[in-house]
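Working notes for the structure below.
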Amino acid sequence: MLQNSNGHSALVQITLHVGQHAVPVSHMGPDFLLLKETLSSSATEGTVVLTIDDQVQRIPVLLPQGIRAGIRRVSIAEAHADALAMA
């Protein structure tokens, strides 16, 4: 019989920051986000803020296809800090 040793469930929150907007994210994959709300944006850079039990990680991303109004799935690509500084 398997037992959960600590009974802990992590509190996870994901938000996409694009310009002045902070959009809640319901799911994150290796190359996409599923947004809880939509907005419209051309191809741009953004930051995914991933919070797990008060531990915050900021992940710079590229949105190569932008965000289309009414479409929740957004393609992302890894952005390297040094590449962003050169842009």
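Name the residues in the stretch 38-69 that are within 18 Å of SER26 (Cα to Cα) and hydrophobic (A, V, I, L, M, F, W, C), would you? Within the stretch 38-69, LEU39, VAL48, VAL49, LEU50, ILE52, VAL56, ILE59, VAL61, LEU63, ILE67, ALA69 meet the criteria. When restricted to residues that are over 22 Å from ALA77 (Cβ atoms) and hydroxyl-bearing (Ser, Thr, Tyr), the stretch 1-50 contains 2. Note on the stretch 4-41: residues that are farther than 14 Å from ILE71 by Cβ, more than 10 Å from the chain's Cα centre (by Cα) and of a type in the set (Ser, Thr, Tyr) amount to 2.
Remark: pairs (first residue in the stretch 58-87, farther than 13 Å from THR47 by Cβ and surrounded by 12 or more Cβ atoms within 10 Å (Cβ to Cβ); second residue modelled with pLDDT of 95 or more and basic (Lys, Arg); Cβ separation under 8 Å; 6+ apart in sequence or on different chains) = ARG72/LYS36. State the number of residues belonging to the stretch 19-69 that are touching a strand residue (DSSP E or B) at 6+ places or on another chain (Cβ under 9 Å), under 24 Å from HIS8 (Cβ atoms) and outside any strand (DSSP E or B). Of the residues in that region, 1 qualify. Only residues that are at pLDDT below 95 and among the hydrophobic types (A, V, I, L, M, F, W, C) were counted across the stretch 29-42, and they come to 1.
Against the condition touching a strand residue (DSSP E or B) at 6+ places or on another chain (Cβ under 7 Å) and not in a strand (DSSP E or B), how does GLN13 come out, does it pass? Walk me through how you get there before you give the answer.
Numbers: touching a strand residue (DSSP E or B) at 6+ places or on another chain (Cβ under 7 Å): yes; not in a strand (DSSP E or B): no.
Considered against the rule, which asks whether it is touching a strand residue (DSSP E or B) at 6+ places or on another chain (Cβ under 7 Å) and not in a strand (DSSP E or B), GLN13 comes out as no.
When the residues of the stretch 43-55 are filtered to those that are without any contact (Cβ under 8 Å) to a residue 40 or more places away in the chain and among the hydrophobic types (A, V, I, L, M, F, W, C), the one that is surrounded by the fewest Cβ atoms within 10 Å (Cβ to Cβ) is ALA43. Checking each residue in the stretch 1-42 for being closer than 23 Å to HIS80 by Cα, surrounded by 11 or more Cβ atoms within 10 Å (Cβ to Cβ) and small (Gly, Ala, Ser) picks out ALA22, SER41.
The values are calculated or read from the model by the stated rules, or taken from the named source; none is laboratory data. Just so it is clear, the model here is predicted, and its values are computed rather than measured. Counting neighbours? That spans all protein chains shown, and the Cβs are built from the backbone with ideal geometry, glycine included.
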